[in-house]
Amino acid sequence: MSKEATIKEDPSDTEKSINEEYITPPDGGRGWFVVTASFMGMFAIFGYNYSWGVFLNYYKTHVYVGEMSTLSWVGSICVALFFITGPINQLVIEKMGYKYMLATGTVLCTAALILASFATQVWHVLLTQGVMFGLGASFVSLPCIGAPQQWFSERRGLAVGLAFAGSGVGGLVISNISMAAINSIGYRWALRIDGIIVFVLLSFATCFVRPFGDVKKTGGGRKVINWYLFKNPMFTVMFFHGLITTFGYMTPFFLLPSHANALGLDPWVGTNLSAIMSAVNAVARVCTGYMGDKFGRFNSLFLCTFMCGLTCLLIWTNVHNEATLWIFAVLYGFFGGGYVALFPTVQPQIVGLEHISPAVGLLYTTNIFGYMFGTPIASQLINKASPPNYVNGALWAGCTIIVGSLFAGWVRVLKGGWKWVKV
C-alpha cells in the first residue's frame, strides 16, 4: 500500500493490497505528453466556458432581448455539469476508459457549439451551449484532472499546474477569438469556429491523455460510488472545503464585466476583464503549483484560498473606479489560479494513488452545487438594491471562500499538525 494512503478498502474487496512499486509514478517521461494533452483538453472546455460572457453580452443585447433571466442560467448549468459524472467516475472509467470518455466528450462538445449556431430560441441555447456542452465536458474534465496526478510525485504540483493553465490560456484566447468573429462575421460563425477549435484540441487530448497503467492501479474500492472514502477524516474535510469554496469562486469571473459596465467604464474593460483574469489565472496555476512542490501543497492551498476570500472582502467591496477593479482582477486571478491548481495536487497525499480515480470524482462533485447556484445567489443579492449593489456580491463571494479556506486549514493541521513545516 502506498505510504500516502490512509484509507482501508472494504473487507469484501478482493484486491486489497497493491505493490508499492506498481503504483510509483515515473515523475516525467511520457507523463509530459499527458500533461500537454490535458492542457489542450482544459484549454478547450474551460476556454469556451470563460468566453461565455462574450456570447451572453451579445445575446442579451442583440438576439434574445429581454431573456436575461434564462440566459443567466446557461453558463452556470454548463460549468456545473462539467463534473456531473463525478459520483460514478470510477465506474465510467472502467466501462469506457479515458480514450472513449474523451472521444465522447469531443463529439458532444463540438456538436453542442455547431448546433447552437443554428439556434432560433433561447431554450435552444440552454440545451446546446448549456446542457449538451456541459455533459460533453464532463467526459473531458475528470480524465484531464486525474491523469497528470498519476504520472508525477515530486513534481506533481508543477505538472498539474501546467495542465490546469490550459483553462486560463483558453479563456484568454477563445474569448478574444469569439469577440473578433462576432464583430466580423457574426455570432453564428463565431460558434462554428469555436466548435472547430474545440474539436481539434479535444482530438489531441483523446489521443494522448492516458492513466498511469490500467484502471486496477487507481480504482480504489471498485464500487459504483465509493462511500468508504468518507471514513478518512481528511477526505471528508476536503470534501466540505470544495463544496463551500465553489459557491463563491466563479462569482468574480462571471460578474466583474457587468460591474465594469455598472461603473460606466469603457466597454473594452468589461469585454476583456475576464480574459485578462484568465491569463493571470493561467500563470498563477503554474507558479503556485511549483510553489506547492517547494513549500508544501497543503500550506499553499490554505494560503491561496484564504487570500482569494480576503481580496473579495477587502478590495472588491471597495471598487469604485477602473484602477481598483484591475487591482482586484489581477490579485483574485492569481490566488484563484492557485486554489484551482492546488486542490487536485493534495488529493494523492490524502487518499493515495490507488484510490485517486474515485476520490477525484467525489471531490469534484462538490463543484456541481457551487457553480450552479453560487453566481445566481450573488446576482440576486446584488439586484436587491437599486441601482444594483456589487458590494453584496463581493461579500457573498468573500465569506463563502473564507469559510472554505478554514476547511483547507483544517486538513493542513490534520496532515502536519500545528507547527510550520512543509506539508
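The values are calculated or read from the model by the stated rules, or taken from the named source; none is laboratory data. What you are looking at is a predicted structure, and each value in this text was computed from that prediction instead of being measured. Virtual Cβ from ideal backbone geometry, glycine too; neighbours counted across all protein chains shown.
Identify all residues within the range 53-102 that are farther than 20 Å from Leu191 by Cα, in contact (Cβ under 8 Å) with a residue 24 or more places away in the chain, of a type in the set (Gly, Ala, Ser) and out of contact with any Gly (no Cβ under 9 Å at 6 or more places or on another chain); write none if there are none.
Once the filter is applied, which keeps residues that are farther than 20 Å from Leu191 by Cα, in contact (Cβ under 8 Å) with a residue 24 or more places away in the chain, of a type in the set (Gly, Ala, Ser) and out of contact with any Gly (no Cβ under 9 Å at 6 or more places or on another chain), the range 53-102 yields only Gly97.
Among the residues of the range 18-45, count how many are in contact with a helix residue (DSSP H, G or I) (Cβ under 6 Å, 6 or more places away or on another chain) and either at pLDDT 85 or above or part of a loop (DSSP other than H, G, I, E, B) (or both). Quick ask: steps written out before the conclusion?
Our first condition is that a residue be in contact with a helix residue (DSSP H, G or I) (Cβ under 6 Å, 6 or more places away or on another chain); within the range 18-45, this holds for 18, 23, 25, 31, 33-35, 37-45.
Then keep just the ones that are either at pLDDT 85 or above or part of a loop (DSSP other than H, G, I, E, B) (or both); that gives 18, 25, 33-35, 37-45.
Here the count works out to 14.
If only one of Gly338, Gly296, Gly292 is in contact with a Cys (Cβ under 7 Å, 6 or more places away or on another chain) and modelled with pLDDT under 90, which one is it? I'd like the intermediate steps shown before the answer.
Numbers: Gly296 fails: in contact with a Cys (Cβ under 7 Å, 6 or more places away or on another chain); Gly292 fails: in contact with a Cys (Cβ under 7 Å, 6 or more places away or on another chain).
It is Gly338.
Which fully enclosed helices (runs of 4 or more DSSP H) of the range 46-142 have 3 or more residues being under 20 Å from Thr251 (Cα atoms), over 14 Å from the mean Cα position of the chain (by Cα) and not hydrophobic (A, V, I, L, M, F, W, C)?
On the way: elements: 68-81, 89-116, 122-125.
Where helices (runs of 4 or more DSSP H) fall fully within the range 46-142 and carry at least 3 residues being under 20 Å from Thr251 (Cα atoms), over 14 Å from the mean Cα position of the chain (by Cα) and not hydrophobic (A, V, I, L, M, F, W, C), they are 68-81.
Answer with yes or no whether Ile327 is β-branched (Val, Ile, Thr), buried (at least 18 other Cβ atoms within 10 Å of the Cβ) and touching a residue at least 12 places away in the same chain (Cβ under 8 Å).
Values: β-branched (Val, Ile, Thr): yes; buried (at least 18 other Cβ atoms within 10 Å of the Cβ): no; touching a residue at least 12 places away in the same chain (Cβ under 8 Å): yes.
For Ile327, the condition - β-branched (Val, Ile, Thr), buried (at least 18 other Cβ atoms within 10 Å of the Cβ) and touching a residue at least 12 places away in the same chain (Cβ under 8 Å) - is not met.
Evaluate the range 50-58: report whether one residue or more is more than 20 Å from Ile193 (Cα to Cα), surrounded by fewer than 22 Cβ atoms within 10 Å (Cβ to Cβ) and modelled with pLDDT under 85. Can you show your working first?
So the first thing to find is which residues in the range 50-58 are more than 20 Å from Ile193 (Cα to Cα), and the list is none.
Checking the range 50-58: not a single residue is more than 20 Å from Ile193 (Cα to Cα), surrounded by fewer than 22 Cβ atoms within 10 Å (Cβ to Cβ) and modelled with pLDDT under 85.
Give the number of residues within the range 396-411 that are farther than 22 Å from Phe253 by Cα, modelled with pLDDT of 95 or more and β-branched (Val, Ile, Thr).
Qualifying residue count for the region: 0.
Working only within the range 336-361, note down all residues that are of a type outside the set (S, T, N, Q) and over 14 Å from the mean Cα position of the chain (by Cα).
The answer is Val346, Pro348, Ile350, Val351, Gly352, Leu353, Glu354, His355, Ile356, Pro358, Ala359.
For every residue, the table says whether it meets (1) in a helix (DSSP H, G or I); (2) over 23 Å from the mean Cα position of the chain (by Cα); (3) modelled with pLDDT under 85.
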{"residue": "Ala205", "(1), (2), (3)": "yes, no, no"}
{"residue": "Lys216", "(1), (2), (3)": "yes, yes, yes"}
{"residue": "Val224", "(1), (2), (3)": "no, yes, yes"}
{"residue": "Met234", "(1), (2), (3)": "yes, no, no"}
{"residue": "Phe239", "(1), (2), (3)": "yes, no, no"}
{"residue": "Gly242", "(1), (2), (3)": "yes, no, no"}
{"residue": "Phe254", "(1), (2), (3)": "yes, no, yes"}
{"residue": "Ser258", "(1), (2), (3)": "yes, no, yes"}
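Would you pick out the residues in the range 384-423 that are of a type outside the set (Gly, Ala, Ser), closer than 15 Å to Leu263 by Cα and not in a helix (DSSP H, G or I)?
Going through the range 384-423, the residues of a type outside the set (Gly, Ala, Ser) turn out to be 384, 387-392, 395-396, 399-403, 406-407, 410-415, 418-423.
Now narrow it down to the ones that are closer than 15 Å to Leu263 by Cα: 387-391.
Passing the criteria: Pro387, Pro388, Asn389.
In the set Gly105, Gly130, which member is closer than 17 Å to Ala147 by Cα, surrounded by 22 or more Cβ atoms within 10 Å (Cβ to Cβ) and either touching a residue at least 24 places away in the same chain (Cβ under 8 Å) or not small (Gly, Ala, Ser) (or both)?
Numbers: Gly130 fails: closer than 17 Å to Ala147 by Cα.
The unique qualifying residue is Gly105.
Restricting to the range 274-298, what's the tally of residues that are closer than 21 Å to Asn318 by Cβ and surrounded by fewer than 24 Cβ atoms within 10 Å (Cβ to Cβ)?
Going residue by residue through the range 274-298, those that are closer than 21 Å to Asn318 by Cβ are 274, 276-277, 280.
Filter once more, so that each one left must be surrounded by fewer than 24 Cβ atoms within 10 Å (Cβ to Cβ): 276, 280.
Count: 2.
Just one of Leu381, Leu363 is part of a helix (DSSP H, G or I) and more than 15 Å from Phe254 (Cα to Cα); which is it?
Values: Leu381 fails: more than 15 Å from Phe254 (Cα to Cα).
Being part of a helix (DSSP H, G or I) and more than 15 Å from Phe254 (Cα to Cα) holds for just one of Leu381, Leu363, which is Leu363.
I'm told Thr311 meets every condition in (1) in contact with a Leu (Cβ under 7 Å, 6 or more places away or on another chain); (2) surrounded by fewer than 23 Cβ atoms within 10 Å (Cβ to Cβ); (3) modelled with pLDDT of 90 or more; (4) farther than 22 Å from Ile356 by Cα except one. Can you identify the failing condition by its number?
Only one criterion is unmet by Thr311, namely (2).
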